[in-house]
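Encoded as structure tokens, the structure appears first; notes follow it.
The values are calculated or read from the model by the stated rules, or taken from the named source; none is laboratory data. In this text the structure is predicted, and so the values were computed from the model without any measurement. Counting neighbours? That spans all protein chains shown, and the Cβs are built from the backbone with ideal geometry, glycine included.
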Amino acid sequence: MKRIILLAILLTAACVVRAVTFGEHFTDSTLRIDYIFSGTSHTQHIAVGELSKTAGWYGRRNHLPELPLLGNGQITVTDAATGDTLYRHPFSTLFQEWQATEEATRLEKSFENTFFIPMPKREVVVECCLRDTHQKPQAVLRHRVSPKDILIRDRSREKQTPWKYLLRNGDSRNKIDVCFVAEGYTSEEMPRFLALCDSSIQAILAHEPYASLRDRFNWIAVMPPSAESGVSIPRLGIWKDTPLHSSFDTFYMDRYLTTLHLQRLYDLVTGIPCEHFIILANTTEYGGGGIYNSYNMSSGHSPRSKLEVIVHEFGHSFGGLADEYDYDSQEETLYPADTEPWEPNLTTLVNFESKWKDMLPKGTKIPTRPDGKNLTTKVGVYEGGGYQKRGVYRPTQECRMKINEVKEFCPVCQRALRRLINFYTE
């Protein structure tokens with residue numbers, strides 16, 4: 001018994017995160033790291049590309065060594081001399097989504113990924129880790145970064161993309177900077193993009209908890225002019241010359257609209273205050289996609305629920321919320337029965353105590369039988385979610401993360417978003 005108690009004390013001590021003061025370890029500037037992730041359905045590789053820097057740091061300055069969510073990967077920055085953890089950043093990637101496709105079973109591909117971290121004052125070790133669906137590390141790359149490295153490219157004097165504040169609630173030090181990026185808008189069409197930005201802001205802020213915490217956000221428009229109007233639709237033989245070379249038919253799925261050119265995206269926002277991206281595509285075709293701490297891309301002018309799509313995808317890219325719908329067939333299980341999902345709005349019941357068990361009305365059965373009422377947001381444990389019909393459970397029968405017809409996020413998603421906003425700004 002004494003050994004068990006001692007082990008528990010040691011494990012608890014190992015998990016203690018020391019407070020980190022931003023000014024002690026970092027300068028008010030940004031280090032950009034470009035990576036290439038590659039592999040197959042069962043292999044993952046990480047390689048470093050270019051390192052560069054710009055003036056100004058627009059990310060969080062508190063809770064630096066903490067993770068708000070686990071994500072499917074993490075960047076960890078440690079002091080090279082002491083080993084102390086200074087900064088952590090969770091993320092997910094299009095590459096890891098691709099690994100669940102049939103194509104990944106017979107082909108090796110590479111994907112660009114880029115991250116911002118605060119510029120360290122002294123030499124650090126940067127660790128990039130990719131995890132599998134069991135949340136076990138599958139690829140880990142550690143590399144030293146010295147702020148004195150002469151090969152860190154200085155981008156401070158590079159020409160900026162045209163940009164403007166749409167709504168500014170304060171200094172970036174305690175606000176969340178969200179950039180709308182124009183994709184497929186010519187110079188003449190930019191007023192149409194700006195009008196859509198305004199509509200998108202109002203749509204997002206109409207939902208709780210964004211509505212109550214609207215003063216925590218700054219909204220910015222980034223306006224790279226496109227050589228051609230519209231975006232690429234490969235299945236129709238349509239290819240457009242646009243700033244991000246985005247296209248529908250990602251992974252051969254008609255409605256999946258993404259860009260593979262993340263380094264280009266980060267080039268476009270060089271020197272601009274930004275933490276999160278909403279890419280608005282100049283198309284009437286329905287579709288979009290959202291990847292946690294990567295980007296949200298949405299069709300800007302689809303007659304089919306364009307603003308609802310933007311809100312839903314922002315739930316992915318900003319909030320780390322999972323899709324709550326399911327399919328009749330899914331090629332590969334993304335949520336194994338022995339692993340609790342990191343997303344706050346799904347559970348496999350492996351560790352339900354860490355999710356919304358405390359929000360269940362007294363007497364709620366697990367799992368909860370649907371009551372037949374449409375669009376209900378009564379909290380329970382309803383089977384079906386994360387694209388799977390069995391073994392994965394969602395908090396309510398319907399939610400903005402399940403169908404567009406619901407006008408609000410369910411109570412569980414609202415709490416998760418509120419906690420995240422507070423994490424970034426308090």
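Return the only residue of 268, 346, 334, 257 being farther than 20 Å from residue 96 by Cα and over 14 Å from the mean Cα position of the chain (by Cα).
Numbers: 346 fails: farther than 20 Å from residue 96 by Cα; 334 fails: farther than 20 Å from residue 96 by Cα; 257 fails: farther than 20 Å from residue 96 by Cα.
It is 268.
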Before we move on, is residue 203 exposed (fewer than 15 other Cβ atoms within 10 Å of the Cβ) and of a type in the set (A, V, I, L, M)? no
Looking only at segment 355-382, count every residue that is under 13 Å from residue 415 (Cα atoms) and touching a residue at least 12 places away in the same chain (Cβ under 8 Å) and tell me the total. 4
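Farther than 28 Å from residue 277 by Cα, surrounded by 14 or more Cβ atoms within 10 Å (Cβ to Cβ) and in contact with a strand residue (DSSP E or B) (Cβ under 7 Å, 6 or more places away or on another chain): which single residue out of 112, 127, 123 fits that description? Even if it seems obvious, please write down each step before you answer.
Working: 112 fails: farther than 28 Å from residue 277 by Cα; 127 fails: farther than 28 Å from residue 277 by Cα.
Only one candidate passes the filter, namely 123.
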Exactly one of these conditions fails for residue 422: (1) surrounded by fewer than 24 Cβ atoms within 10 Å (Cβ to Cβ); (2) in a loop (DSSP other than H, G, I, E, B). Give me its number. (2)
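Across segment 383-419, what is the total count of residues that are assigned to a loop (DSSP other than H, G, I, E, B) and aromatic (Phe, Trp, Tyr)?
Final tally of qualifying residues: 1.
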For residue 353, state whether it is more than 30 Å from residue 203 (Cα to Cα) and either in contact with a Leu (Cβ under 8 Å, 6 or more places away or on another chain) or not assigned by TED's automatic domain parsing to the domain that holds residue 308 (or both). yes
Quick test of your reading of the structure: residue 326 fulfils all but one of (1) modelled with pLDDT under 95; (2) more than 16 Å from residue 210 (Cβ to Cβ); (3) out of contact with any strand residue (DSSP E or B) (no Cβ under 6 Å at 6 or more places or on another chain). Name the failing condition by number. (3)
Residue satisfying all of: in segment 302-329; without any contact (Cβ under 8 Å) to a residue 60 or more places away in the chain and assigned to a loop (DSSP other than H, G, I, E, B); surrounded by the most Cβ atoms within 10 Å (Cβ to Cβ) among these: 302
As an exercise: evaluate residue 176 against (1) at pLDDT below 95; (2) under 22 Å from residue 262 (Cα atoms) and give the number of the one condition it does not meet. (1)
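Tally up the residues in segment 76-128 that are outside any loop (DSSP other than H, G, I, E, B), aliphatic (A, V, I, L, M) and over 17 Å from the mean Cα position of the chain (by Cα), please. Lay out the reasoning, then the answer.
Going residue by residue through segment 76-128, those that are outside any loop (DSSP other than H, G, I, E, B) are 76-79, 85-91, 94-98, 103-105, 109-120, 124-128.
Narrowing the set further to residues that are aliphatic (A, V, I, L, M) leaves 77, 86, 94, 104, 117, 119, 124-126.
Then drop every residue that is not over 17 Å from the mean Cα position of the chain (by Cα), which leaves 77, 86, 104, 119, 124-126.
Residues that pass the stated criteria total 7.
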Among the listed residues 182, 221, which satisfies the condition of being touching a Lys or Arg at 6+ places or on another chain (Cβ under 9 Å) and assigned to a strand (DSSP E or B)? 221
Do any residues in segment 287-301 that are under 14 Å from residue 247 (Cα atoms) and in the same structural domain as residue 199 (by TED's automatic domain parsing) have Cβ atoms under 8 Å from those of residues that are part of a loop (DSSP other than H, G, I, E, B) and of a type in the set (D, E, K, R), where the two are at least six apart or on different chains, and which pairs are they? 287/254; 287/255; 288/255; 299/285
Identify the residue in segment 373-404 that is in contact with a helix residue (DSSP H, G or I) (Cβ under 9 Å, 6 or more places away or on another chain) and of a type in the set (Ser, Thr, Tyr) and, among all such residues, is surrounded by the most Cβ atoms within 10 Å (Cβ to Cβ). 393
Going by what's in this entry, would residue 345 be described as of a type outside the set (Val, Ile, Thr), within 18 Å of residue 69 (Cα to Cα), in contact with a strand residue (DSSP E or B) (Cβ under 6 Å, 6 or more places away or on another chain) and surrounded by 15 or more Cβ atoms within 10 Å (Cβ to Cβ)? no
With respect to residue 183, is the statement that it is out of contact with any Phe, Trp or Tyr (no Cβ under 8 Å at 6 or more places or on another chain) and surrounded by 16 or more Cβ atoms within 10 Å (Cβ to Cβ) true? yes
Within segment 264-285, the residues that are more than 14 Å from residue 31 (Cα to Cα) and either free of Cβ contacts under 8 Å to residues at least 12 places away in the same chain or assigned to a helix (DSSP H, G or I) (or both) are 264, 265, 268
Sort out which residues of segment 228-263 are touching a residue at least 40 places away in the same chain (Cβ under 8 Å) and among the small types (Gly, Ala, Ser), and write them in order of number. 229, 230, 246
So, in segment 230-263, exactly how many residues are part of a strand (DSSP E or B), of a type in the set (A, V, I, L, M, F, W, C) and surrounded by 16 or more Cβ atoms within 10 Å (Cβ to Cβ)? 1
Note on segment 129-162: residues charged (D, E, K, R) and part of a strand (DSSP E or B) are 131, 142, 144, 153, 154
